[in-house]
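Structure record follows, encoded as structure tokens.
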Amino acid sequence: MLRTAMLAISRNETVRRGMVGFGPTKKVVDRFVAGETLDDCITAVGRLTASGLLATVDHLGEDTTTRDQADATAASYLDLLGRLAEAGLTASVEVSVKLTALGLALPGGREIATANAERICAAARAAGTTVTVDMEDHTVTDATLAVVDHLRETYPETGTVLQAYLHRTPDDCARYAVPGMRIRLCKGAYNEPASVAHRAKADVDAAYLDCLRILMKGDGYPMVASHDPRMIEAALAYADVAGRASDTFELQMLYGIRADEQARLAALGHRVRVYVPYGVDWYGYFTRRLAERPANMLFFGRALLGR
Ligand code: FDA
């Protein structure tokens, strides 16, 4: 219930303005977001890669309302890729993009988002790295996968995200468990209706395990995006049963969450990638993190009270 309420509040513009302008919020945001500038981001991913981790960088933004905004977001990704290449980081750092940030929800949005994503894929390839397309709420799942399919005709290295809570996802996993396909499997972070998604945690967890099994048995490259010890343990067991070598799948976690566990898994020889968000438009990302876990809310409350 707390999660549902928090996700609903996250769409409220008055609350958004209050939180963004409130000084102590910043301190908490810094735990989950690598900073507001490109310099902050490069410093953060440099630190992660130096400690043996991989990274994927998200230039924060969603709900883009103008073409200029969409094009500016794409331009930010080109700058980001240029800086990653300059810093010699592209062997271990890729980028993650949200298609709504690239214009998907605008009139004629599919063409705009596709054109912007193509620019980013081309720049990523030139820099020696890849793009993974994030998954947003269920109203854009079909459109997102259609754009990904199109991108993969020219850039087959492009990956995407599937959300285990959606009833459709086992079928999508089967469709995408093919050679060369990079699929990031997460539980799903949006407030979805029961008609399209599992809502009880036990059902989401069971669905995640089913999807994981399909991906691990298949021929693609599974990216196991979860902080849940049960999911991680299952992923390693399923990979073992499928006879997968450690370089044929990845474990992925968000920046600032279970950093000790990220380091521990990497030290055991697993490929561990950290999802690193940066930028000024952190509000939507940040409130989804708060909604995920009561402990994150408590952390937020304590920080606001200065404890
Ligand atoms: P969940 O929240 O179910 O928690 C299960 C257990 O994990 C907890 O009981 C605890 O043991 C452990 N745990 C979780 N959080 C912890 C914390 N902060 N500290 C300590 N232990 C913790 N979603 C989406 O809809 N679209 C997307 O594109 C993406 N992309 C994405 C990329 C990556 C790399 C990750 C890791 C996640 C996403 N997500 C996402 C978010 C995802 O859907 C989901 O909301 C969160 O990962 C939370 O689910 P978990 O599986 O991590 O654990």
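The values are calculated or read from the model by the stated rules, or taken from the named source; none is laboratory data. Note that the structure is a prediction, hence the values are computed from the model and not measured. Because the Cβ atoms are built from the backbone with ideal geometry, glycine has one as well, and the counts that use them run over all protein chains shown.
Observations
Conditions (1) in a helix (DSSP H, G or I); (2) at pLDDT 95 or above; (3) among the aliphatic types (A, V, I, L, M), marked per residue:
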{"position": "Ala85", "(1), (2), (3)": "yes, yes, yes"}
{"position": "Leu89", "(1), (2), (3)": "no, yes, yes"}
{"position": "Glu94", "(1), (2), (3)": "no, yes, no"}
{"position": "Leu106", "(1), (2), (3)": "no, yes, yes"}
{"position": "Ala115", "(1), (2), (3)": "yes, yes, yes"}
{"position": "Ala126", "(1), (2), (3)": "yes, yes, yes"}
{"position": "Thr129", "(1), (2), (3)": "no, yes, no"}
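Residue by residue, here is whether (1) of a type outside the set (Ser, Thr, Tyr); (2) within 11 Å of the ligand (Cβ to nearest atom) holds:
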{"position": "Asn116", "(1), (2)": "yes, no"}
{"position": "Thr130", "(1), (2)": "no, no"}
{"position": "Asp137", "(1), (2)": "yes, yes"}
{"position": "Thr141", "(1), (2)": "no, yes"}
{"position": "Val147", "(1), (2)": "yes, no"}
{"position": "Glu153", "(1), (2)": "yes, no"}
{"position": "Thr158", "(1), (2)": "no, no"}
{"position": "Gln163", "(1), (2)": "yes, yes"}
{"position": "His167", "(1), (2)": "yes, no"}
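- Considering residues of region 171-180 that are surrounded by 15 or more Cβ atoms within 10 Å (Cβ to Cβ) and in contact with a helix residue (DSSP H, G or I) (Cβ under 6 Å, 6 or more places away or on another chain) only, the residue nearest to Val204 (Cα to Cα): Cys173
- Contacts under 7 angstrom Cβ, first residue in region 135-150 being without any contact (Cβ under 8 Å) to a residue 40 or more places away in the chain, partner among the hydroxyl-bearing types (Ser, Thr, Tyr) and part of a helix (DSSP H, G or I), 6 or more apart: His150/Thr114
- Residue count for region 248-291 satisfying the condition of being near the ligand (Cβ under 9 Å from one of its atoms) and at positive phi: 2.
- Residue list for region 66-84, filter: among the polar types (S, T, N, Q) and surrounded by fewer than 22 Cβ atoms within 10 Å (Cβ to Cβ): Thr66, Gln69, Ser76
- Single residue of Thr114, Thr73, Thr139 found to be closer than 28 Å to Leu212 by Cα and not charged (D, E, K, R): Thr139
- Unique residue being outside any loop (DSSP other than H, G, I, E, B) and surrounded by fewer than 24 Cβ atoms within 10 Å (Cβ to Cβ) when the list is Asp142, Asp63, Asp58: Asp142
- Taking the criterion of being at pLDDT 95 or above and hydroxyl-bearing (Ser, Thr, Tyr), the residues of region 39-83 that qualify are Thr43, Thr49, Ser51, Thr56, Thr66, Thr73, Ser76, Tyr77.
- Members of region 230-258 that are surrounded by fewer than 17 Cβ atoms within 10 Å (Cβ to Cβ) and free of Cβ contacts under 8 Å to residues at least 24 places away in the same chain: Glu233, Ala237, Asp240, Gly243, Ala245
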